[in-house]
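Remarks on the structure that follows.
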Amino acid sequence: MKFSGIFLPCSLYKAHHHSVLITFSFKSLHFTDQTDSTAMAMAFKMATTGMWVTDECKNSFMEMKWKKVHRYIVFKIDEKSRLVTVDKVGGPGESYDDLAASLPTDDCRYAVFDFDFVTVDNCRKSKIFFIAWSPTASRIRAKMLYATSKDGLRRVLDGISYEVQATDPTEMGIDVIKDKAN
């Protein structure tokens with residue numbers, strides 16, 4: 001789905017052909033396909049922050065969700081281009097500890113983690129966690145930018161089961177993930 005428009009007051013952004021969400025306006029949004037009200041709501045939410053989500057983000061997420069080729073994906077916001085991009089992808093053999101180690105100690109990130117577990121009924125299940133990482137050492141501007149853009153990215157990543165918000169590693173430990181999944 002493609003979107004177009006103008007972000008006011010003074011910038012004109014043109015569509016990047018690798019974008020899920022392209023441009024936005026506080027006064028008007030122009031949709032080439034108006035059949036998906038969820039996408040329109042997502043476009044409005046992302047419009048308030050001026051962020052774009054690249055196709056790479058959605059494609060990587062879909063590969064993780066359906067093909068199980070990734071264990072986790074870390075996303076970052078490029079403040080200059082206003083793009084949410086893939087920062088790091090963890091292979092299927094990587095663990096939750098690998099994800100935690102890949103998050104910077106002084107900058108914000110988003111991450112999704114595909115958590116596999118066995119229920120008390122001995123059924124194998126998988127749940128996708130969305131992690132909003134905002135360490136205390138990160139800049140206030142980055143914290144605000146990530147906080148206001150989070151919902152728009154979550155709407156693009158359809159199929160997330162749980163969300164975890166963390167400012168230090170103890171708030172997103174594997175025990176927190178296990179407790180939410182059960």
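Worth a mention:
- Count of the stretch 120-140 residues which are under 18 Å from Ile177 (Cα atoms), of a type outside the set (D, E, K, R) and over 19 Å from the mean Cα position of the chain (by Cα): 2
- Pair list, Cβ under 6 Å, 6 or more apart: the stretch 81-101 residue in contact (Cβ under 8 Å) with a residue 40 or more places away in the chain, other residue open to solvent by less than 50 Å² (accessible area, probe 1.4 Å) and assigned to a loop (DSSP other than H, G, I, E, B): Arg82/Gly50; Arg82/Met51; Val84/Met51
- Residue count for the stretch 118-134 satisfying the condition of being surrounded by fewer than 15 Cβ atoms within 10 Å (Cβ to Cβ) and of a type in the set (Val, Ile, Thr): 3.
- Residue, surrounded by the fewest Cβ atoms within 10 Å (Cβ to Cβ), within the stretch 149-168, restricted to residues that are in contact with a helix residue (DSSP H, G or I) (Cβ under 6 Å, 6 or more places away or on another chain) and closer than 25 Å to Arg139 by Cβ: Asp151
- For the stretch 135-148, a tally of residues being surrounded by fewer than 16 Cβ atoms within 10 Å (Cβ to Cβ) and charged (D, E, K, R) returns 2.
- Hits in the stretch 169-182 (condition: in contact with a Leu (Cβ under 9 Å, 6 or more places away or on another chain) and either surrounded by fewer than 16 Cβ atoms within 10 Å (Cβ to Cβ) or under 19 Å from Cys57 (Cβ atoms) (or both)): Pro169
The values are calculated or read from the model by the stated rules, or taken from the named source; none is laboratory data. Keep in mind that this is a model prediction, so the values were computed, not measured. Reconstructed Cβ throughout: ideal geometry from the backbone, glycine too, with neighbour counts over all protein chains shown. Just so you know, the surface numbers come from the protein's heavy atoms only, side chains and all, with ligands and any DNA or RNA stripped out. Shrake-Rupley method; radii C 1.70, N 1.55, O 1.52, S 1.80 Å.
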